[in-house]
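One structure is given below, encoded as structure tokens.
The values are calculated or read from the model by the stated rules, or taken from the named source; none is laboratory data. Remember, it's a predicted structure, so these values are computed and weren't measured experimentally. For neighbour counting, all protein chains shown are included, and Cβ atoms are generated from backbone atoms with ideal geometry for every residue, glycine included.
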Amino acid sequence: MTATDLYIDLLKRSLTNMIYLDAEIPNITDEEYAALLDRRTTGSDTPRPPFALTLIGWKRMTNVQELVERVLKEGVPGDMFEAGVWRGGAAILMRGILAAYGDTQRHVWAADSFAGLPPPRPDLYPADAGDEFYKEEALAVSLPQVKRNFARFGLLDDQVRFVEGYFHETLPKCEVERIAVLRLDGDMYESTIEALRALYDRVSPGGFIIIDDYGCLASCRQAVADFQAERGFTAEMTVVDWTGVYWRKPF
Ligand SMILES: C[S@@+](CC[C@H](N)C(=O)[O-])C[C@H]1O[C@@H](n2cnc3c(N)ncnc32)[C@H](O)[C@@H]1O
């Protein structure tokens, strides 16, 4: 392993808190540790991890790593963009990878309300009817807190741009021009389709679109299907794990 590989590996271990996993349960048993390690690997913790800066677990963090490294290696133009950042972990990884490879040109965009999910608007988006994510206080992480999380890793600088507010208000007028990796993690139908409508055209040919909630939320799958139907294409999805998928925008 090179020093770059080792840095990124340690960054992922830290962001997922796999590095201090056994401290999450007092007097942890071997069985508890094995089960916790499995949940953290697959990003399926309930309740949500107390110290990790990401919910997405090792496999989906590794997917972020692989796709960011691929666009850097292949010279696909554009920035890294995450819509739905929570404590910031996946976006911090994106910034860390740019730093590790000495990229001083690309930006990492972190878009979130920084106040949790919006209440559903079933009149506009019936697929979100009854959605209760907006009631989950644990999903509301403030912008100062997310900035602190970037700073903890020495990765808060001008290459990071924060976009604060609900996606339907912020993303259409967001200043990002070109995106190489677009990662959508907003859970709801509205959050997924609004982000696709606002940002898909800014994804470079050869860029990647990651949908975090595709496997676990029918409303998210529906949003992706409806967006593709609107645009008249069917993407060939690559499965990352039990919920994450991605596709590559054709050249
Ligand atoms: C599941 S969390 C994201 C997890 C994160 N990517 C990680 O690495 O752990 C969902 C996030 O999306 C945000 N979100 C969802 N829908 C949104 C919307 N329509 N506008 C703004 N933020 C939204 C929430 O505030 C929350 O922080």
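Suppose the filter is surrounded by 19 or more Cβ atoms within 10 Å (Cβ to Cβ), on the phi > 0 side of the Ramachandran plot and part of a loop (DSSP other than H, G, I, E, B); does Asp187 pass it?
yes
Provide a single number: the residues in region 17-30 that are within 16 Å of the ligand (Cβ to nearest atom) and in contact with an Asp or Glu (Cβ under 9 Å, 6 or more places away or on another chain).
So the count comes out to 1.
If you go through region 213-228 one residue at a time, do you hit one that is among the hydroxyl-bearing types (Ser, Thr, Tyr), surrounded by 15 or more Cβ atoms within 10 Å (Cβ to Cβ) and at negative phi?
yes
In region 193-214, how many residues are part of a helix (DSSP H, G or I), over 13 Å from the mean Cα position of the chain (by Cα) and under 20 Å from Val240 (Cβ atoms)?
Counting residues in region 193-214 that are part of a helix (DSSP H, G or I), over 13 Å from the mean Cα position of the chain (by Cα) and under 20 Å from Val240 (Cβ atoms) gives 3.
How many of the residues making up region 164-192 are more than 9 Å from the ligand (Cβ to nearest atom), β-branched (Val, Ile, Thr) and within 15 Å of the chain's Cα centre (by Cα)?
Total meeting the criteria: 2.
Out of all the residues in region 31-41, is one or more within 16 Å of the ligand (Cβ to nearest atom), hydroxyl-bearing (Ser, Thr, Tyr) and more than 12 Å from the chain's Cα centre (by Cα)?
Yes - at least one qualifying residue is present in region 31-41.
Of all the helices (runs of 4 or more DSSP H) wholly in region 1-79, which have at least 1 residues that are in contact (Cβ under 8 Å) with a residue 60 or more places away in the chain and buried (at least 19 other Cβ atoms within 10 Å of the Cβ)?
Those helices (runs of 4 or more DSSP H) span 3-15, 57-74.
Out of the residues in region 112-135 that are within 9 Å of the ligand (Cβ to nearest atom) and part of a loop (DSSP other than H, G, I, E, B), which is farthest from Pro50 (Cα to Cα)?
Pro118
I'd like to check something: does region 96-111 contain any residue that is within 24 Å of His168 (Cβ to Cβ), near the ligand (Cβ under 9 Å from one of its atoms) and among the aromatic types (Phe, Trp, Tyr)?
Checked against the condition, which is being within 24 Å of His168 (Cβ to Cβ), near the ligand (Cβ under 9 Å from one of its atoms) and among the aromatic types (Phe, Trp, Tyr), region 96-111 yields no hits at all.
Inside region 80-106, can you point out the residues that are in a loop (DSSP other than H, G, I, E, B) and either modelled with pLDDT under 95 or buried (at least 20 other Cβ atoms within 10 Å of the Cβ) (or both)?
Hits for region 80-106 are Gly84, Val85, Trp86, Arg87, Gly88, Arg106.
Check Gly102, Gly84, Gly88 and return the single one that is in contact with an Asp or Glu (Cβ under 7 Å, 6 or more places away or on another chain) and either closer than 16 Å to Glu190 by Cβ or not polar (S, T, N, Q) (or both).
After ruling out the rest, the residue left standing is Gly84.
Search region 220-243 for residues that are touching a residue at least 60 places away in the same chain (Cβ under 8 Å) and pair each with any residue that is among the small types (Gly, Ala, Ser) when their beta-carbon atoms are under 6 Å apart and the residues are at least 6 apart or on different chains.
These pairs meet every condition: Gln222/Ala127; Trp242/Gly215; Thr243/Gly215.
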